[in-house]
Ligand SMILES: Nc1ncnc2c1ncn2[C@@H]1O[C@H](COP(=O)(O)OP(=O)(O)OP(=O)(O)O)[C@@H](O)[C@H]1O
Ligand SMILES: [Mg+2]
């Protein structure tokens, strides 16, 4: 997917509409920022170069027509598109009077949205000066991030979009895919890179301490609080706070976070007064927050405030063309560390690494190479790779064989590979000999 140059800000208090709009706009390769309220929209506008504003009119607290007035005054060249479920004459008048480019009523079709968006964007007079030049990514790396796959390129393009503004970012991806690396790149490639980057592992700090660690506390706030102390948020002021494994934050922490996101201020534990902070928040998870929302263990309102910009880091098995580059990087890194030279790898060993499905993603690949570098002399061969990699035999994804048969063929291949040694095969497959026998008999 190639990213278009336009940044579109969508404002709606209805989460479903927000998601629908985002889905459509993304499918046309626009880059989107979401806001649930006018207040949030104004914050994003302040920090970010937006090319089109799409807003609802009827919203609680501050109304959409106020936003339109504000934008007309402060960003006169920014096109505005009103999407509303209340097409009253009154609304249309206000919108048209204040110079709205287009007007779309809910429910609308995808095509109607598309032509409205293209239309509104077309009305900009300053077409060419509108966007930053995205960095070319043809040298196969971006800061510490290695890769040339489309999936990695998409991630890099989004980093380029967001690195110089303070919009809240949510990074999703399986374990070991490089979420923290992406968070660091956003901070260190951007213009706030000289301010602090503070990474907090919300799963690694005991629940009862996390609140105090994040937000700080005043003297006497709890037993043992013998002096005033800043938290991570105050420490990260001006820069970035990275909330890793956000799904592990308690409900109390979630409530406080929501306030930080809404008000841009932090209240220390035990304090009455809030203090303003200016921090970019990046949250990450390898879990499924939507499931947690259903089970009522994660606040839905917080989720939507965290996901103003979403970055999805794909698992390694979906970008296998990056594997050789990553191998090279880790060969160099560990070769220098353990052997004082660049270690090589045979074609056969590379083929195995290329074929394997990498459930532990890049971290698993890194560990495998690290271990192999230690075990080998100068050249990594098949014998230096762990057994489970050698027998990871993939079938074509569209193969329609019944599962039982696939399983049987798989077991047979493992058996062949270890000369019919059932004990060894069972060990590799992680099952007992008895299970192995019964599976082959069925
Ligand atoms: N594209 C990449 N290029 C180079 N190294 C990478 C890349 N992606 C990940 N790595 C390396 O892989 C390791 C795991 O990455 P990282 O810690 O960022 O993953 P994560 O998604 O945060 O994992 P977890 O969910 O387990 O915390 C790190 O050592 C990182 O440097
Ligand atoms: Mg991580």
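Candidates are the residues of region 144-155 that are within 16 Å of ligand 2 (Cβ to nearest atom) and surrounded by fewer than 22 Cβ atoms within 10 Å (Cβ to Cβ); the one that is farthest from the chain's Cα centre (by Cα) is 144. Please verify whether region 196-209 includes one or more residues that are more than 16 Å from the chain's Cα centre (by Cα), crowded, with 18+ Cβ neighbours inside 10 Å and away from ligand 2 (no atom under 16 Å from the Cβ). No, because not a single residue in region 196-209 is more than 16 Å from the chain's Cα centre (by Cα), crowded, with 18+ Cβ neighbours inside 10 Å and away from ligand 2 (no atom under 16 Å from the Cβ). Taken over region 7-30, the criterion of being touching a helix residue (DSSP H, G or I) at 6+ places or on another chain (Cβ under 6 Å), surrounded by 21 or more Cβ atoms within 10 Å (Cβ to Cβ) and in contact (Cβ under 8 Å) with a residue 60 or more places away in the chain is satisfied by 8, 12. Answer with yes or no whether residue 129 is part of a helix (DSSP H, G or I), away from ligand 2 (no atom under 16 Å from the Cβ) and either surrounded by fewer than 19 Cβ atoms within 10 Å (Cβ to Cβ) or modelled with pLDDT of 95 or more (or both). Yes. Filter region 158-185 for residues that are more than 12 Å from ligand 1 (Cβ to nearest atom) and either part of a loop (DSSP other than H, G, I, E, B) or within 13 Å of the chain's Cα centre (by Cα) (or both) and give the result. Scanning region 158-185 gives 158, 162, 163, 164, 165, 166, 167, 168, 169, 170.
The set of residues in region 423-442 that are surrounded by 15 or more Cβ atoms within 10 Å (Cβ to Cβ) and over 15 Å from residue 388 (Cα atoms) comprises 436, 439.
Which of the residues spanning region 156-178 are within 16 Å of ligand 2 (Cβ to nearest atom) and surrounded by fewer than 23 Cβ atoms within 10 Å (Cβ to Cβ)? Working first, answer last.
Start the filter on region 156-178 by keeping residues that are within 16 Å of ligand 2 (Cβ to nearest atom), which leaves 169-178.
Residues satisfying the conditions are 170, 172, 173, 174, 175, 176.
Residues in region 139-159: is at least one under 26 Å from residue 276 (Cβ atoms) and in contact with a strand residue (DSSP E or B) (Cβ under 6 Å, 6 or more places away or on another chain)? No, every residue in region 139-159 fails to be under 26 Å from residue 276 (Cβ atoms) and in contact with a strand residue (DSSP E or B) (Cβ under 6 Å, 6 or more places away or on another chain).
The set of residues from region 41-71 being in a helix (DSSP H, G or I), crowded, with 22+ Cβ neighbours inside 10 Å and touching a residue at least 40 places away in the same chain (Cβ under 8 Å) comprises 44, 64, 67. Residue count for region 236-285 satisfying the condition of being over 29 Å from residue 220 (Cβ atoms) and within 16 Å of ligand 1 (Cβ to nearest atom): 10.
The values are calculated or read from the model by the stated rules, or taken from the named source; none is laboratory data. It should be emphasised that the depicted structure is a prediction, and the values quoted were computed from it without experimental measurement. Heads up, the Cβs are rebuilt from the backbone with ideal geometry, glycines too, and the neighbour counts pull from every protein chain shown.
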